[in-house]
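Report on the following structure.
The values are calculated or read from the model by the stated rules, or taken from the named source; none is laboratory data. Since we're looking at a predicted model, the values are computed, not measured. Note that each Cβ is placed from the backbone with ideal geometry, even for glycine, and that neighbours are counted across all protein chains shown. Quick note on the areas: whole protein, heavy atoms, side chains included, nothing else; ligands and nucleic acids left out. Shrake-Rupley method; radii C 1.70, N 1.55, O 1.52, S 1.80 Å.
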Amino acid sequence: MGDYGQFCPIARSSELLAERWTPVIVRNLLNGCHTFNEIRQGAPGIPPALLTQRLQLLERHGILTRNAKASGRGATYELTEMGRALGPVCDALGQWGARWLEMEPRHLEPAYILWATVKLVDVDALPSGTTTVRVRLDDHPAKDYWMLLRRPQAELCTRSVGLTEDLLCETDSRTLVDLHLRRTTYPQALRAGSLRLEGSPALRRRFVHWFRTSPFADYLPGAGAGLETRQGADS
C-alpha cells in the first residue's frame with residue numbers, strides 16, 4: 001500500500017481506498033453482499049487471494065467486521081459505521097464517472113452486467129415464490145445464466161440449480177446496459193427484438209416491471225431533464 005506522506009485527507013484516504021479492487025469491494029458491500037462468494041460474484045476477475053487480502057485490509061482499518069458463521073465454515077462481512085459512511089463517496093464517484101467517462105466495449109463484462117441486473121430487481125414487484133429466468137446473451141452464447149427472482153433477495157447463478165425455468169430471456173450485454181441506464185425501455189427492446197422472452201404470457205407481461213434503472217442514469221450526458229431534476233432537489 002502506497003504512502004504519500006501527506007496530512008491531506010484526500011491523500012490519506014487514497015492510501016487505503018485507491019487500491020485496485022477496493023472501491024468495487026466496498027460498492028458490493030454497500031449493495032448488500034455479505035459473504036466472500038457474493039462479494040466475488042460482483043467483482044468478476046478478482047483473484048480469491050487478492051480479495052482475501054483486501055478484506056483483511058478493510059477489517060484492520062475498521063471499515064468492516066468479519067463474523068464467523070455458527071457452523072464454523074466461512075464468515076460474513078458487515079460494514080461498520082465507518083464503512084457505511086463511504087456510501088456518499090461511492091455515489092459521488094459513480095455520478096462523476098457516469099457524467100464524464102466514456103463507456104467502451106471492454107466495460108461490457110457479461111457476468112458483472114447480469115449481477116448488476118439482479119441487484120436492480122424490485123423484489124416487492126415479484127410474484128410469490130421463486131421465478132426462475134434463464135438468460136442467454138447473444139454476444140456470449142456459450143454460457144447461460146439463471147436469475148432466481150424471489151424475496152427477500154434475488155440471486156444470480158452461473159449454472160442450473162434444477163428449478164423449473166419459468167422464463168427464457170434472450171438479449172445481449174449492450175441492451176441490458178442500455179436498459180439499466182434508461183437509454184431504452186423494456187417495451188422498446190421487446191419491439192426492436194433486442195430482448196426476447198419465452199414463457200407464459202402473464203409472466204412475460206409482468207417481467208418488464210420487475211427491474212429498476214441504475215441510480216446513475218440521471219447523470220449520463222443527455223439525461224438533461226433527469227439531471228436538472230436531481231440537481232434541483234439537491235440544492
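Residue by residue through region 168-173, which ³J(HN,Hα) values in whole Hz follow from phi under the Karplus form 6.51 cos²θ - 1.76 cosθ + 1.60 (θ = phi - 60°), with glycine and proline marked x?
Each residue's phi maps through the Karplus curve to give 10, 10, 10, 7, 9, 4 Hz.
Per DSSP H run of n ≥ 4, the term is -39500 (n - 2.57); total these for the chain, divide by its residue number, and report the mean residue ellipticity at 222 nm rounded to 500 deg cm²/dmol.
Only helices count here, giving -11500 deg cm²/dmol.
Quick one: Karplus J couplings for region 179-191, per residue in order, coefficients 6.51, -1.76, 1.60, θ = phi - 60°, nearest Hz, x for Gly and Pro?
5, 4, 8, 6, 7, 8, 10, 4, x, 5, 5, 5, 5
State the Cα centre-to-centre distance between region 62-100 and region 120-147 in whole Å.
Going from one Cα centre to the other spans 25 Å.
Between exposed trypsin sites (Lys or Arg not before Pro) in the chain, where DSSP calls loop and at most 10 other Cβ atoms lie within 10 Å, what's the longest gap?
Maximal segment without exposed cleavage sites: 74-158.
Give the accessible surface of the chain per residue, rounded to a whole number of Å², with probe radius 1.4 Å and ligands, DNA and RNA excluded.
For the chain, the per-residue accessible area is 57 Å².
Using the crude model of +1 on Lys and Arg Cβ and -1 on Asp and Glu Cβ, and no other charge, please compute the dipole size for the chain relative to its Cα centre, in debye to 20.
Here the size comes out at about 460 debye.
Over the alpha-carbon set of the chain, work out the extent along each principal axis and list the three values in angstrom, largest first.
If we take the Cα atoms of the chain, the spans are 61, 50, 32 Å.
Which of TRP115, MET103, HIS140 sits farthest toward the positive end of the charge dipole of region 42-183, with +1 on the Cβ of Lys and Arg and -1 on the Cβ of Asp and Glu?
Toward the positive end, the furthest listed residue is TRP115.
Do you know the relative contact order of region 1-85, to the nearest whole percent, from alpha carbon pairs under 8 angstrom that are 6+ apart?
Relative CO of region 1-85 lands at 23 percent.
Only bridges with both residues in the chain count here: give the DSSP antiparallel percent, nearest 5.
80 percent
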